[in-house]
Amino acid sequence: MTDSHTIAVTVNGVRTEKSVEPRLLLSDFIRHELMLAGTHVGCEHGVCGACTILFDGFPTRSCLMFAVQADGHEIATVEGLSKGETLHPLQQAMHDSHGLQCGYCTPGILMTMSAFLDSNPSPDEHAVREALSGNLCRCTGYQHIVDAVLLAAERMRT
Amino acid sequence: MKPAPFKYVIARTLDEALAAKAEYGDEARFLAGGQSLVPTMNFRMAMPAVLIDINPLTELSGIKANGVTRIGAMTRYRMLEADAGIGERLRIIHEALPHIAHPQIRNRGTLGGNLSHADPASEMPAIMLALNATLYLRSAKAARQIAARDFFVGALETVIAPDEMLTEIVVPHLPANSGACFMEVARRQGDFAIAGIAAIVTRGADGTCTRARLTYCGVAQTPFYADDAAQSLIGGPVTPAAIKQAAALAMEALDPPGNSHADPSYQRHVAGVLTRRALATAWART
Amino acid sequence: MSSRETRNFGAPIRRNEDRKLLTGKALFVDDLEIPGMLYAALLRSSVAHGELISVDVSAALAREGVVAAYTAHDLGDFWQPGPLLVPPPPIEGVIFNLRTHACLAKDKVRYVGEPLAIVIAESRYIAEDALADIAVEIEQLPAVVDLEAALKPGAALVHDDLRSNVSAHVRQKNGDYAAAAAKAAHIIKRRFAYEHGISSPMETRGVVAQWDERAGQLTVWDTTQAPVFLRNGLAAVFGLSERQVRVVAPFVGGGFGPKIMMFYPEELLVPWASTRLNRPIKWIEDRLEHFVATTHERGQIHDAQIALDAEGRILGVKDVFLHDTGAYDPYGLTVPINSQCTLLGPYVIPAYDSTFTAVFTTLPIVTPYRGAGRQHGVFVIERLLDIAAHELKIDPAEIRRRNLIPPDAFPYDNKIIYQDFAPLSYDSGNYEPILNKALDAIGYAGFKDEQKKALSEGKHLGIAIANYVEGTGIGPYEGARVQVQANGRVSVATGIGTQGQGHFTVFAQIVADQVGCLVTDVDVVTGDTDRFHWGAGTFASRGAVVAGNAVNEAALVVRQKILKLAADHFECAEEDLELGNGEVQIVGVPGRSVRLSELAMKANPMRGAVKPGTEPGLESTQYFGPPGGATASGVHAMIIEVDPELLTLEIKKYVVVHDCGTVINPLILAGQIHGGVAQGIGNAFYEKLLFDDAGQLLNASLADYLLPTSLDVPRMQLEHTVTPSPLNPLGIKGAGEAGAIPVGPLFAQAIEDALGLKAKGIELLEIPLSPGRLWQLITQAG
């Protein structure tokens, strides 16, 4: 009864072909078909931001897209953020500033805010908070995350 | 929370999309940004049998200005945000955009999708109503234009026929010496409005108000146009007393439904306060 | 310890666990992929209260991809009401009607969300499709939602075999309130309504179960906060030995209390189905389910009075309150007992008379959520003092100061019983310096001028200050095993679960100091019952206190073993040795050192004899059980600006001064407090569970139930005082819940101040508040 579509997706620079049912959410595809479980699912209705990935370079809720829509597109996930053993400056700053506790929201925050820093190299605290406001965190009260983003911005500028 | 099965049709051209919609009619939904549709599908509140994906239709995406501003239905919010021309000519759109959800949603959500979804608490329907935009509809057989004012008929309801698609939004530019302001109260930034207002006023050569439009989101079954309140401003200067009177007229005209964060009386109150504030700001911007 | 040894304890060490979490390599329950795995979905009651006539799964079974579907009747003898998790404390005259839930409703449904059937399918998508195939017949009964109405004669009964909806009735008193009231200069009586919400961790609950028939082994990966309890419970209900059941709580995405409840229906159904089908099965709660399938905390109504002398000194407090326990009461009386006890705060209250009635309703089950009832009690006493301050024309900070327990009064016995069955006795504390620090930090002295100046510019500022104490670190016990490995790394295992508290780092800090290695050389395992068999769990702000001390005890023994072995090796006295950098060195003799790795190998020799009475290895397992809870305390202070027309507000300044005894890691402590305050802000001003009269939750989504975002939580200023606990060798007190506890009264007080509400005769006696609710209260007052 299910029709399936073959899609070709470039994920973290690697091209993959898979056959998918139309209704398969992109978040489930990334996690359970590509086995990139670093992208987390928190609400499946587009509010919490845990599933944020980069879709053609833009932070996007992967729970609000179908895998079939990714055909021919580029996806970046948290697994592709570090360069080998070297953490992305934002990952490093999150560690240094204690910007994570349970860590469940962290991959979504990393994807949202690393893209933010790429286009906003010198943000102030309010701009950081505004950019972060689509990612819910229940552990940290955000303060150390904000600190981490500001620290990463400073380090990336120098 | 997984969506029910559906048939997926990818449209490579507008004609393909319209042909598919003609074929499937009410059974099918267009998949634009999907930022309102997919959550309702995940909740299984919406279970369309067919989704026609119109994301490949680059012809429907883009912003052009030639006397008017023409916005393709598939233009994503982020493109509106990044467009300097919109910032210059239709700044009220930029003022409203940060109130629409969050950056990730704006990266994907489209203007056409939002207007077609017609959520009365959403910002852009009220903005387009205030700007007196014209909406272009197409079907496989025909094309028509409709004023924003006639487009919204109820909560999540528009005049779009089962075989039609909203393809373009045409926004006239404001007359010289116009001022516009969008304000909103929501529980958290990015939430749907408890009440929001778009106020546009034009100052004539003699210093009186020659044109006024006041529209609201979140306070009725459709975006709400406060006709009497707007008319009351015309012909005189927009003084605090005139603003107060307009706000009173708007509040009188409103019959808000209430929601989980605000009872009708608070919604009406907020709408009144915002009317005063937005009008004062808009007038100061003329 | 000698100067060569680095002291990690007390330092802002970066976390060991971060790297995995930052690179997407940490294992959460939903990340498990096991060949042959099936997926579960549950059909839940859509009505709050009714006779369950029938549940027909035959159409679901016929659907392609569905492997099994079960109702209560398919469970046979496995169908049993669940266990009581926490028995009622030994309080004289306590009434407790225990009614626990079974994993699937059989004859009656008692809340929207109660499970009726489980479907097992080849994918979660198909399992959800099949839920729509199930035919359910329920004869609806009146919902029981309102606490007062629930106790009226003729109210529908949640449990038909009881004569009323009383779950529990408890009175505790100290002194003679009537006598205190008789001599009081002022008596203030008010009714308070306080609602707490849902914990809503970013990771919902989840269970993966795998029954290995050949090995006779059941493995369950679960988002639980208490893996050992769950393992023991599962072994009991499945008739297996505890060694045949392994429960793993891997990385868990936040808990905050509700993830300790046991058994959640899925925790039984998923393993049961796995044993039936001999296939691994995954169930992941979705966010919609989370709103009704995971426990809440919710509301209480307090009728409270305070008796004061002319100077504002408290003579006594009397409180009678109703507590919503939901449809069942498997967690006993923990929440209302905490409310009852924590109301006393840091104050001398010579006479206290507190009675509560816990009420069954047809709403989801109530169990502790961060703060665990303490918020409710703190709100009552802090608001009573605010009202008293206003009526007696005493400054709100001053009335608090006058009533603080003096520093020489500790240990301070409140003469009632706490949730851990021990007398409510404060181990140590020094409250006035905390208050002073908070007043300084918030700028209390200059605020009145600031407020006046702002008002002249049309800005409405308000200030607030609130005290609290928190009983933390309760027993019974935790244990830990510390072992130096032959590769020089040190392994630590403990039975508690971890949901982001930094246990992989704070326990490593404790061990690193004792055995002289780097914090990064210590590998901590929590939440795997095959790695450590004993323990209770992570709750009641007790992980660092109880497990931390157990880790310390075990590490201390390992340190002694290291010293003894090294002394034998060098043929010197133990006193001549120092530990550090992963080696043992003779003091003052550079080059004369031995690596811990080498000693670990020596401790496990291939030849020769291990002496009688000794054990191989550099290993020790130790347990720690405190005699009573350690009492942390603190003061929060806040300045807000309120829009006087819209009644929206902005937090301009937020100060926390906290005393949780000795601090292990100030960075992690700060994170705990920040997160607690954020949840407190949510509770005070954003999060409200909206039920209609039929018991339907109207805002079951994250779009409608408002968790605070980065724009709603302000930057916080933290300061500490340190009053070590005498009840454990490390002197630590718990910190996990403190941030969340006093935020409600702070909002009420600050908003009243900003808008001058008291002068208008308007008092804010409820939480949560919101702009819309403030509008109602203000307009109703005229």
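We did not get these values from a lab; they are worked out from the coordinates using the rules stated. Values in this document were obtained by computation on a predicted structure and should not be read as measured data. Virtual Cβ from ideal backbone geometry, glycine too; neighbours counted across all protein chains shown.
R0 = 22 Å: FRET efficiency of residue C:173 with residue C:391, Cβ-based, nearest 0.05?
On the way: r = 25 Å, r/R0 = 1.15.
About 0.30, to the nearest 0.05.
Expressed as a fraction of 2.2 N^0.38 Å, the C-alpha radius of gyration for the protein assembly as shown is 0.95. Legend: mean number of C-beta atoms from other chains within 10 angstrom of residue C-beta atoms, peptide A:50-56, equals 2.
For Cα pairs less than 8 Å apart in space and 6+ apart in sequence, what is the mean separation divided by the residue count of chain B, i.e. the relative contact order in percent? If you can, show how the numbers build up before the last one.
Details: 659 pairs, mean separation 44.7, N = 286.
Taking the mean separation of contacting Cα pairs over the length of chain B, I get 16 percent.
Between residue C:560 and residue C:487, the modelled label-to-label distance comes to 3.0 nm, taking each label 7 Å out from Cα in the direction of the beta carbon.
In summary, the lysines within cross-link reach of residue C:611, defined as a Cα separation below 30 angstrom excluding same-chain residues under 8 places away, comprise C:561, C:564, C:602.
Tell me which GluC sites (Glu not before Pro) from segment C:445-523 have a DSSP coil assignment and no more than 13 other beta carbons within 10 Å of their own. Please report the intermediate quantities before stating the final value.
On the way: sites: C:450, C:457, C:470, C:478; in loops: C:457.
Here the GluC sites (Glu not before Pro) that fit, given the DSSP loop and packing criteria, are C:457.
The residues C:668, A:109, B:160, C:13, when put in order of fewest to most other Cβ atoms within 10 Å, stand as B:160, C:13, C:668, A:109. Over all distinct Cα-Cα pairs of segment B:62-172, the Kirkwood formula returns a hydrodynamic radius of 14.0 Å.
Regarding segment A:5-80, what whole-number volume in Å³ per residue does the convex hull of its Cα atoms give?
71
Once C-alpha pairs closer than 8 Å and six or more residues apart are averaged by separation and normalised to the residue number of chain C, the relative contact order reads 16 percent. Separation of segment A:54-95 and segment C:454-511, taken as the distance between their Cα centroids, equals 31 angstrom. Of the trypsin sites (Lys or Arg not before Pro) found in segment C:649-758, the ones in coil according to DSSP and having at most 15 other Cβ atoms within 10 Å of their Cβ are C:715. With only Cα atoms counted, segment B:13-91 has Rg and Dmax values of 15.2, 44 Å.
Once the mean 1/r over all distinct Cα pairs of segment C:596-683 is inverted, what Kirkwood radius in angstroms do you read off?
Working: mean 1/r = 0.0530 Å⁻¹.
Mean inverse Cα-Cα distance, inverted, gives 18.9 Å.
Taking every DSSP beta bridge that has both ends in segment C:637-782, the antiparallel portion is near 65%. Between the alpha-carbon centres of segment C:548-587 and segment B:214-286 there is a gap of 77 Å. Using the rule -39500 (n - 2.57) for each DSSP H run of four or more residues, divided by the residues of the protein assembly as shown, the 222 nm mean residue ellipticity is -8500 deg cm²/dmol.
Name the residue farthest towards the positive end of the dipole of the protein assembly as shown from the options A:69, C:384, C:441, assuming +1 on Cβ of Lys and Arg, -1 on Cβ of Asp and Glu, about the Cα centre. Result: C:441.
Please compute the alpha carbon radius of gyration of segment C:386-458, then divide it by the globular-protein estimate 2.2 N^0.38 Å. Two decimals is fine.
Values: Rg = 17.3 Å, N = 73, 2.2 N^0.38 = 11.2 Å.
Against the empirical 2.2 N^0.38 Å value, I get 1.54 for segment C:386-458.
Viscosity 1.002 mPa s, temperature 20 °C: Stokes-Einstein D of segment B:178-284 from its Kirkwood Cα radius, in µm² per second?
Working: Rh = 13.5 Å.
The estimated diffusion coefficient comes to 159 µm²/s.
With q set to 0.15, 0.19 Å⁻¹, the log10 of I(q)/I(0) for segment B:7-53, from the Debye formula over equal scatterers at the Cα positions, is -0.35, -0.55.
Under a model in which nothing but the beta-carbon of Lys, Arg (+1) and Asp, Glu (-1) is charged, segment C:87-244 shows a dipole of about 1100 debye around its Cα centre. Each of C:705, C:468 was scored by other Cβ atoms within 10 Å of its Cβ. Arranged with the fewest first, they read C:705, C:468. Working from the Cα coordinates of chain A, the gyration tensor eigenvalues give, after taking √(5λ), semi-axes of 29, 16, 13 Å in decreasing order. Taking the inverse of the mean reciprocal distance over all distinct Cα pairs, the Kirkwood hydrodynamic radius of segment C:203-326 comes to 17.0 Å.
Dimensions of chain B along the principal axes, based on C-alpha atoms and rounded to the nearest Å, stand at 58, 43, 31, largest first.
Positive-end ranking of B:47, C:66, C:658 along the dipole of the protein assembly as shown, with charges on Cβ about the Cα centre, is headed by C:658. Calculated FRET efficiency, residue A:19 to residue C:27, Cβ-Cβ distance, R0 = 35 Å: about 0.80 to the nearest 0.05.
For the peptides C:21-34, A:71-84, residues were scored by their other Cβ atoms within 10 Å and the scores averaged per peptide; the highest-first order is C:21-34, A:71-84. Shape verdict for segment B:131-217, please, from the Cα gyration tensor: rounded (a/c under 1.5), prolate (a/b greater than b/c) or oblate. The shape class here is oblate.
Can you compute the FRET efficiency between residue C:132 and residue C:520 using 1/(1 + (r/R0)^6), with r the Cβ-Cβ distance and R0 = 60 Å? Round to the nearest 0.05. If you can, show how the numbers build up before the last one.
Details: r = 52 Å, r/R0 = 0.86.
Computed FRET efficiency for residue C:132 and residue C:520 comes out at 0.70.
Comparing B:209, B:271, B:257 along the charge dipole axis of segment B:199-277, the residue lying farthest to the positive side is B:209, per the Cβ-charge model. Give me log10 I(q)/I(0) at q = 0.05, 0.06, 0.11 Å⁻¹ for chain C, Debye formula, one equal scatterer per alpha-carbon, no solvent. Per q value, in the given order, log10 I(q)/I(0) is -0.28, -0.40, -1.23.
Calculation over all alpha carbon pairs of segment C:357-506 in 5 angstrom steps from 0 returns a P(r) of 2, 6, 10, 12, 15, 13, 12, 10, 9, 6, 3, 2, 1, 0, 0 percent. Take the Cα pairs of segment A:89-157, get the Kirkwood Rh, then feed it into Stokes-Einstein at 37 °C and 0.692 mPa s and tell me D in µm²/s. For the chosen part, D equals 286 µm²/s. The separation of segment C:309-378 from segment C:228-282, counted between C-alpha centres, amounts to 32 Å.
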